Amino acid sequence: MSNVNHHPLLKVDNLVKYFSITKGILFSKQIGAVKAVDDISFTIAPGETLGLVGESGCGKSTVGRVILGLTKATSGSVFFEGKDIQALSKHELRELRKDMQIIFQDPYASLNPRMTVREIIAEPLEIHKIVDHKDFDRRIDKLLDVVGLDSSLKRRFPHEFSGGQRQRIGIARALAVNPKFIVCDEPVSALDVSIQAQVVNLLQDLQEEFGLTYLFIAHDLSVIKHISNRVAVMYLGKIVELADKDQLYNNPQHPYTQALLSAIPVPNPEVRSNRIILNGDVPSPINPPSGCRFHTRCPHVMQICKELEPEMEDKGNRHYAACHLK
Ligand code: SF4
C-alpha cells in the first residue's frame, strides 16, 4: 500500500443528498428534508483505502450509495475514472457497476436465503457475462478459495454458515466481477470481535492481490485504523476532518475526532483513558444546528461556532479540519 499513486480513481465534488419529507397521500407536499449528506468532497487514489467514520445517522452509508449510483445525488458530482457517473445512461451505468461493488454490513440480510452459495456467486457472473457458463464452476471454486472457504460447501445455503463465513460469501460475490473499487459498508460491524480482524485482514490481502481500492465505512475509529491510508470523519452530513491515517490518529485537530478517538478502549488497564464524554445525542439531520453542526455537543464551543459554519482548513501535511479553534 505504500506505492499509492495520487491520481484519483474516485472524485467526489460538493456532494449533496437530501431526502424530502412529504405529507399527504393524494397531494403530497414537501414539508422538509433530511440533510443526509451536505456538501462533501474527497478523492480516493487507485489502491488506496479511505476510511469514512461517524456515528449512525451521520450520512456515511448514503455517501456509499450515491457513489455507486444506487441513489441519485441532490447536487454535486461523482467522477469514477474521470467519468461523471450521474451523466451516464442506464446502459453505461450498468457497465460501470462491474467496476464498483459493495459489501454490506449484514451478510445474512444481503444474501438470498433461498439461493445456494453457488447460485449467489453465479448471479453476477451471469448478469455481467464475465465467463462462459461452462467455466462457472471453476470460477466459483476459485473465488471461494480466495476468500478462504471450502468449495465443496457451495451447494449449501447461507443459514448453514457462521456470520464470518457469510461475510466471506458476500466478499466472493463482490469479487466475482473483477471490480476496481469496493464500498465496504460496515462490513465487520455485525461480526464477533474475534472474527472482525480475520475479515479485515482478508480484505487487506485481497486489496494487495487484486489492486483494489476501498471506501471503508465504519462507526468507530478502531476498526478502520489497520486498513485505511486516509480517514474522513463525518458528523451530521459534513466531513469535519480528513487526513492521512497517522496524522489523524496521532494529531487529531477536530474536537469530534478527539472525542471519537478517546472512546477507543485502551488495552492496558494501567493507562488511564481520558475519555471525552459528549453531551446529548446526535441532533436531527432535518434541522441541523446553526453554524458548526457540532456546537451543541462540543466541549470547546464558542459564540462564533453558533453563528458561522467553519470552512475546511488546510493544516498542512494533507490534513484538513473544519473548526474555529486555532
Ligand atoms: Fe467545537 Fe466550535 Fe470547533 Fe465546532 S467550530 S468543533 S463548536 S470549537
Checklist line | Degrees between helix 193-210 axis and first principal axis of the chain (Cα, 0 to 90, nearest 10) | finding: 70 degrees
Item checked: Spin-label model distance (nm) - Val16 vs Asp99, 7 Å beyond Cα toward Cβ -> 2.7 nm
Check: If packing is taken as the mean number of other Cβ atoms within 10 Å per residue, what is the order of 18-28, 190-200, 252-262, highest first?
Finding: 252-262, 190-200, 18-28
Margin query: Within a 10 angstrom radius of the beta carbon, how do Arg155, Arg65 rank from fewest other beta carbons to most?
Written below: Arg155, Arg65
Next item on the list: Counting only DSSP beta bridges with both residues in the chain, tell me the antiparallel percent, nearest 5.
Entry: 60 percent
Check: Among Leu202, Val188, Asn178, whose Cα lies farthest out toward the positive end of the dipole of the range 144-210, if unit charges sit on the beta carbon of Lys, Arg (+1) and Asp, Glu (-1)?
Finding: Asn178
Notebook entry, point to check: Roughly how big is the range 6-77's charge dipole about its Cα centre, with Cβ charges of +1 (Lys, Arg) and -1 (Asp, Glu), in debye to the nearest 20?
Noted result: 380 debye
Notebook entry, point to check: Of Leu325, Pro299, Ser77, whose Cα points farthest to the positive end of the dipole of the chain (charges on the beta-carbon: +1 Lys, Arg; -1 Asp, Glu; origin at the Cα centre)?
Noted result: Ser77
Notebook entry, point to check: Given the options Ile102, Ile182, Ile85, which has the most mean-square fluctuation in a GNM of the chain, springs set between C-alpha atoms less than 10 angstrom apart?
Noted result: Ile85
Item checked: Cα-based helix-to-principal-axis angle, 163-175 vs the chain, degrees rounded to 10 -> 80 degrees
Next item on the list: Please determine, in degrees from 0 to 90 and to the nearest 10, the orientation of helix 90-99 with respect to the longest principal axis defined by the Cα atoms of the chain, where the helix direction is its Cα long axis.
Entry: 90 degrees
Next item on the list: Please work out the FRET efficiency for the pair Ser284 and Lys306, using the Cβ-Cβ distance as r and a Förster radius of 25 Å; give the result to the nearest 0.05.
Entry: 0.90
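Read-outs throughout are calculated quantities, based only on the coordinates presented, and are distinct from any laboratory measurement. Since we're looking at a predicted model, the values are computed, not measured. Ideal geometry is used to build each Cβ from the backbone, glycine not excepted, and the neighbour counts take in all protein chains shown.
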